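The values are calculated or read from the model by the stated rules, or taken from the named source; none is laboratory data. On a predicted model such as this, the values are computed, not experimentally measured, just so you know. Here Cβ is always computed from backbone atoms with ideal geometry, including for glycine, and neighbour counts include all displayed protein chains. Ligands, DNA and RNA are stripped out before the accessible areas are found, and what is left, the full protein with its side chains, is counted by its heavy atoms. Shrake-Rupley method; radii C 1.70, N 1.55, O 1.52, S 1.80 Å.
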Amino acid sequence: MVHKKARSSKKKTTAKKVVKKAPTPARTVAPVAEPVTAVQPTEPAVVETPTAAKPAAPAAPKTRTSTRKTTSTRKKPASAAKKPAPVVEETAPVVEEVAPVVEETTPVVEEVAPVAEEAAPVVEEPAPVVEEAAPVAEEPAPVVEEAAPVVEEPAPVVEEAAPVAEEPAPVVEEAAPVVEEAAPAEEEPAPVKEETAPSVEEDVSPVVEEVKPMYEMSNLPRRSIAFIGSECHPFVKTGGLGDVMYALPRQLVKLNCDVRVILPRYACIPQKFQEKMEYRGAFYMDLGNTGRNYYVGIMEYVCDGVVYDFIDNQEFFSTGNPYTNLVDDIPKYCFFSKAALAALNYLNWIPDIVHCHDWQAGLVPVYLRTLFKDSPVGHARSILTIHNLRFQGIYNIPTIKYWSGLPNEVFQMGALKDGYQDANMLKGGIAYADRVTTVSGTYAGEIQTAEYGEHLEGHLRYHSGKLRGIVNGIDYDMWNPATDPALAEHYDLGNVLDHKMANKLALQKELGLEQDEGKFVIGLISRLTNQKGLDLVSSIIPMVLDGNTQVVVLGTGDREYEDTFRYYESAHRGTFCACIQYDEARAHRIYAGADALLVPSRFEPCGLTQLNAMHYGTLPIVRETGGLKDTVEPYNTFTGDGNGFTFDRYDAGLLLDAINRAKSLYFDNRYHWDEIVQRDMAKDVSWEKSARQYKDLYLELTPW
Ligand code: ADP
Ligand code: GLC
């Protein structure tokens, strides 16, 4: 797909202040091909901030080191709560200033006019109180209205912070001065704006339009969608969220959607992508009660019809990993959520739908109906997809108020407030989004129960009218055993029985396992966390290793699991292999070389590894929960139907039993085993059906 005239990128490249680049990708990425669009070297974040890093915010006790992925879990160190409060109050006054960004781009609004009227509906959903859990008052609706006034207040602030604001067109130019101020440290910023200023305006709409021709054939109504999330393959991925953020937009483009994916420009994004990004513009944005204006650069990369806009700000995104700890992540994602919406206004690209993902983008729907309510993007409808309810972005109210700058009204029980003194970013997003989806039908039901609700079951039941479950798929280009560059030998449905074995032998060799076609090889590819049922696995390994079975574990995560698997490797060399690493290519080889793949999760919103496995002719052994239940039909000994082996209760004995049933079939009835291999490869686990469901949801929200 095309793309704007390759801006004379190289020019602004001048940005020599190339901040410490992002060498190592947080977690390696995939071998996916990169169509690439001509782009230019990045424009090193013109870190404006004259001040020191991270303005004093309500001190956040670093205590809560969150493990990778989504840092925020519920429990937080008590200490965290206390300190912040005072600070907040001090800065309180600043609060009113916030919203500027919104107004800035106002002019753009006119274009989007049609969408406008809809904004109102948002209010519909929440009725008064409702929440069982909290007899208090739970009505997001009122919040919205109340928030309104707040929005207006900002006006004055706008002027201060922003010159950027008031005049859309000039925005760029206005930003200029700011840049210069901030830039002193690195003289180049100035030139950057000059060059880009003009181009920004040109690029803005063109990007999208150029893509259109490709899909003129489609009879489907066209809709524009802005995906906002914290990771996306192949730029940065720690788990399935990265896969979905990559695959779903690509499929939506085929369904006549204009899709822009907005991501943080982490320093850990591989240099090869950083180099292909093109500078689209920059502006300054105030943030919460910090009293500062933050640089927001927009770097763009277009691939296969999907436009990726990276929000650039080195102060927030220069760490090596997307997630570090809540102390840093809360400010980071408050900034990101607000900057993403401000960037849409700035680009004058107002989507029909803003589709945000997980707690890191949880504030987006809240911003949309408060500080951005009267700005162009405020007319968009919003969808929040929950990929994993365990991570919610919870911190004390003062801290989140300080960084988000959201009006007091949203910090009530019906929205962000959680417990006595906490604010929960995901909870707020659920309250304010027009629709909430999660990644499988079963999980959508489960999270409304105490067992899986992570304390939000009441809130989710209250909002169940707008909750949907849409199961994930996998990208058939990225996951294709017939073309996968990582494999020892390619195969497809027609010749899997002849060629899969070569991959097993190659895998055994690669991992130092005994090379033996007759051995039953079980793979496990996973983040090593409590979610994934690893305590069950570790307790039965000795019984699984019966002399005819080999086990391969690929993953990183909690030390206790890493050490346990390392121990098993040393105790069973040649039959047990612990690859404590993140290695995308090796994952592909395990999917192809193993006979079965284990996914005994305690809970699993959807799960992609079982889908990858089936598509590679590797039979899944899963617990019947969430998306695992929805995607793996248990093998029926009598009818021969099914896709894999399952067990229901979270019980090591039942897992062992499921593994033994798989072994029995493999060793005693290979003919039937092979039938399932072929059936699994033929099964449709692509994004096609699910992407249509998302498209239907978009149309439901934008029925014109
Ligand atoms: P989650 O998102 O909960 O981690 P999913 O099953 O949805 O689980 O997605 C996991 C994704 O991450 C899959 O694409 C899987 O192949 C990949 N993955 C997980 N761990 C590793 C690893 N150690 N090395 C390579 N890929 C991994
Ligand atoms: C989360 C879930 C996983 C799901 C993925 C993508 O990480 O744990 O089950 O497949 O998101 O939606």
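Given the structure, is E700 crowded, with 17+ Cβ neighbours inside 10 Å, among the acidic types (D, E) and either outside any loop (DSSP other than H, G, I, E, B) or at pLDDT 95 or above (or both)?
Details: crowded, with 17+ Cβ neighbours inside 10 Å: no; among the acidic types (D, E): yes; either outside any loop (DSSP other than H, G, I, E, B) or at pLDDT 95 or above (or both): yes.
The answer is no for E700.
Might you let me know whether segment 335-346 holds any residue that is in contact (Cβ under 8 Å) with a residue 60 or more places away in the chain and in a loop (DSSP other than H, G, I, E, B)?
Going through segment 335-346, the residues in contact (Cβ under 8 Å) with a residue 60 or more places away in the chain turn out to be 335-338, 340-346.
Keeping just the survivors that are in a loop (DSSP other than H, G, I, E, B) gives none.
No; the residues of segment 335-346 include none that is in contact (Cβ under 8 Å) with a residue 60 or more places away in the chain and in a loop (DSSP other than H, G, I, E, B).
Out of A423, A339, which single residue is surrounded by 24 or more Cβ atoms within 10 Å (Cβ to Cβ) and more than 28 Å from A282 (Cα to Cα)? Before the answer, list the steps.
Values: A339 fails: more than 28 Å from A282 (Cα to Cα).
Criteria check complete, one pass: A423.
Applying the selection to segment 368-402, what residues are more than 13 Å from G428 (Cβ to Cβ) and assigned to a helix (DSSP H, G or I)?
P376, V377, G378, H379, P398, T399, Y402
Would you mention how many residues in segment 529-555 are among the acidic types (D, E) and within 16 Å of ligand 2 (Cβ to nearest atom)?
Step one: list which residues in segment 529-555 are among the acidic types (D, E), which gives 535, 546.
Subset that is within 16 Å of ligand 2 (Cβ to nearest atom): none.
The qualifying residues number 0.
Within segment 221-252, track down each residue that is assigned to a helix (DSSP H, G or I), open to solvent by less than 10 Å² (accessible area, probe 1.4 Å) and over 16 Å from D696 (Cβ atoms).
As a first pass, look at segment 221-252 and keep what is assigned to a helix (DSSP H, G or I): 240-252.
If we keep only those that are open to solvent by less than 10 Å² (accessible area, probe 1.4 Å) as well, we get 241-242, 244-249, 252.
Scanning segment 221-252 gives L241, G242, V244, M245, Y246, A247, P249.
Please work out if A506 is part of a strand (DSSP E or B) and in contact (Cβ under 8 Å) with a residue 24 or more places away in the chain.
Working: part of a strand (DSSP E or B): no; in contact (Cβ under 8 Å) with a residue 24 or more places away in the chain: yes.
Answer is no for this residue.
Test P322 against the stated conditions and say whether it is within 16 Å of ligand 1 (Cβ to nearest atom), open to solvent by less than 10 Å² (accessible area, probe 1.4 Å), touching a Ser or Thr at 6+ places or on another chain (Cβ under 8 Å) and in a loop (DSSP other than H, G, I, E, B). Quick ask: steps written out before the conclusion?
On the way: within 16 Å of ligand 1 (Cβ to nearest atom): yes; open to solvent by less than 10 Å² (accessible area, probe 1.4 Å): yes; touching a Ser or Thr at 6+ places or on another chain (Cβ under 8 Å): yes; in a loop (DSSP other than H, G, I, E, B): yes.
Criteria met by P322.
I'd like to verify a number: residues in segment 253-265 that are surrounded by fewer than 23 Cβ atoms within 10 Å (Cβ to Cβ) and part of a loop (DSSP other than H, G, I, E, B), how many?
Looking only at segment 253-265, we keep the residues that are surrounded by fewer than 23 Cβ atoms within 10 Å (Cβ to Cβ), and these are 253-256.
Narrowing the set further to residues that are part of a loop (DSSP other than H, G, I, E, B) leaves 255-256.
Here the count works out to 2.
How about segment 566-609: which of its residues are within 11 Å of ligand 1 (Cβ to nearest atom) and among the aromatic types (F, W, Y)?
Y582, Y591, F603, listed by residue number.
For N612, work out the one condition from (1) polar (S, T, N, Q); (2) surrounded by fewer than 22 Cβ atoms within 10 Å (Cβ to Cβ); (3) within 16 Å of ligand 1 (Cβ to nearest atom) it doesn't fulfil.
Here N612 meets the rest and fails (2).
Looking at Y561, Y567, which one is open to solvent by 10 Å² or more (accessible area, probe 1.4 Å), out of contact with any Lys or Arg (no Cβ under 9 Å at 6 or more places or on another chain) and over 21 Å from V677 (Cβ atoms)? Reasoning before the result, please.
Details: Y561 fails: out of contact with any Lys or Arg (no Cβ under 9 Å at 6 or more places or on another chain).
Within the list Y561, Y567, the selection yields Y567.
Six or more apart or on different chains, Cβ atoms under 8 Å: show the pairs whose first residue is in segment 549-577 and among the acidic types (D, E) and whose second is in a strand (DSSP E or B).
D558/L528; E562/L528; E562/A578; E569/F576; E569/C577; E569/A578
Take the conditions in contact with a Lys or Arg (Cβ under 7 Å, 6 or more places away or on another chain), within 16 Å of ligand 2 (Cβ to nearest atom) and among the small types (G, A, S) and apply them to S526. Does it pass?
Numbers: in contact with a Lys or Arg (Cβ under 7 Å, 6 or more places away or on another chain): yes; within 16 Å of ligand 2 (Cβ to nearest atom): yes; among the small types (G, A, S): yes.
Judged against the criteria, S526 is a match.
Got at least one residue in segment 448-461 being open to solvent by 30 Å² or more (accessible area, probe 1.4 Å) and assigned to a helix (DSSP H, G or I)?
Within segment 448-461, one or more residues are open to solvent by 30 Å² or more (accessible area, probe 1.4 Å) and assigned to a helix (DSSP H, G or I).
Residues to consider are E315, E300; find the one that is touching a residue at least 60 places away in the same chain (Cβ under 8 Å) and within 30 Å of L697 (Cα to Cα).
Residue meeting the stated conditions: E300.
Return yes when K509 is under 27 Å from V544 (Cα atoms), among the basic types (K, R) and open to solvent by 50 Å² or more (accessible area, probe 1.4 Å) and no when it is not. Walk me through it before giving the result.
Numbers: under 27 Å from V544 (Cα atoms): yes; among the basic types (K, R): yes; open to solvent by 50 Å² or more (accessible area, probe 1.4 Å): yes.
In short, yes.
List the residue pairs whose Cβ atoms are under 7 Å apart, where the first residue sits in segment 462-479 and is over 11 Å from L611 (Cα atoms) and within 14 Å of ligand 1 (Cβ to nearest atom), the second is part of a loop (DSSP other than H, G, I, E, B) and at pLDDT below 95, and the two are 6 or more positions apart or on different chains.
As it stands, the answer is M478/A30; M478/V32, since those pairs meet every condition given.
Would you confirm whether or not segment 377-397 contains a residue that is surrounded by fewer than 24 Cβ atoms within 10 Å (Cβ to Cβ) and free of Cβ contacts under 8 Å to residues at least 40 places away in the same chain?
yes
Within segment 656-672, track down each residue that is without any contact (Cβ under 8 Å) to a residue 60 or more places away in the chain and aromatic (F, W, Y). Walk me through it before giving the result.
Restricting attention to segment 656-672, the residues satisfying the condition of being without any contact (Cβ under 8 Å) to a residue 60 or more places away in the chain are 657-658, 660-661, 664-665, 668-672.
Answer for segment 656-672, where residues must be without any contact (Cβ under 8 Å) to a residue 60 or more places away in the chain and aromatic (F, W, Y): just Y671.
Got a sec? Which helices (runs of 4 or more DSSP H) wholly within segment 600-682 have at least 3 residues that are out of contact with any strand residue (DSSP E or B) (no Cβ under 7 Å at 6 or more places or on another chain) and at pLDDT below 95? First the steps, then the outcome.
Details: elements: 609-615, 626-631, 652-668, 670-682.
Passing ranges: none, list empty.
Which residues, taken from segment 277-298, are part of a loop (DSSP other than H, G, I, E, B) and out of contact with any Ser or Thr (no Cβ under 7 Å at 6 or more places or on another chain)?
Filtering segment 277-298 down to residues part of a loop (DSSP other than H, G, I, E, B) leaves 277, 287-292.
Hits for segment 277-298 are L287, T290.
Would you be able to say whether some residue in segment 511-532 is in a helix (DSSP H, G or I), within 27 Å of A486 (Cα to Cα) and more than 12 Å from ligand 1 (Cβ to nearest atom)? Break it down into steps so the answer makes sense when it comes.
So the first thing to find is which residues in segment 511-532 are in a helix (DSSP H, G or I), and the list is 511, 530-532.
Within this subset, residues satisfying the condition of being within 27 Å of A486 (Cα to Cα) are 511, 532.
Subset that is more than 12 Å from ligand 1 (Cβ to nearest atom): 511.
Scanning segment 511-532 turns up at least one residue that is in a helix (DSSP H, G or I), within 27 Å of A486 (Cα to Cα) and more than 12 Å from ligand 1 (Cβ to nearest atom).
With the requirement that a residue be surrounded by 14 or more Cβ atoms within 10 Å (Cβ to Cβ) and in a helix (DSSP H, G or I), what does segment 570-584 give you?
Residue satisfying the conditions is E584 alone.
Scanning for something touching a Ser or Thr at 6+ places or on another chain (Cβ under 7 Å), under 16 Å from E231 (Cβ atoms) and within 16 Å of ligand 2 (Cβ to nearest atom), does segment 372-383 turn up at least one residue? Break it down stepwise before answering.
If we filter segment 372-383 for residues that are touching a Ser or Thr at 6+ places or on another chain (Cβ under 7 Å), which is where we start, we get 375-376, 381, 383.
Still in the list and also under 16 Å from E231 (Cβ atoms): none.
No, the conditions are met nowhere in segment 372-383.
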